Amino acid sequence: MIRQLYARWTILMDDLRSESGQDLIEYALVVALIAFAATAGMQTVANNINTAFANIGTKLTTYTS
């Protein structure tokens, strides 16, 4: 009984020490960070584009009136 528990314990510990899935997790975290940064940056870009078009619209209205 104790020998079987020890064998299962060593198999479990070997599985926990395995680093085969670590690369996939790291890549997923990098992709998530890039997606978050892109989403945060797009809000700023969208606001700047909106402001630019509003300024162009104001100037066109001024010149055509």
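Bear in mind that the values in this text are calculations on the coordinates, not laboratory data. The structure presented is a predicted model; accordingly, all values stated were derived computationally and were not measured. Cβ placement follows ideal geometry from the backbone for every residue including glycine, while neighbour counts extend to all protein chains displayed.
Rounded to the nearest 20 debye, the dipole size of the chain about its Cα centre is 220 debye, using +1 on the Cβ of Lys and Arg and -1 on the Cβ of Asp and Glu. Rounded to the nearest 10 degrees, the angle from helix 2-17 to the longest Cα principal axis of the chain is 30 degrees.
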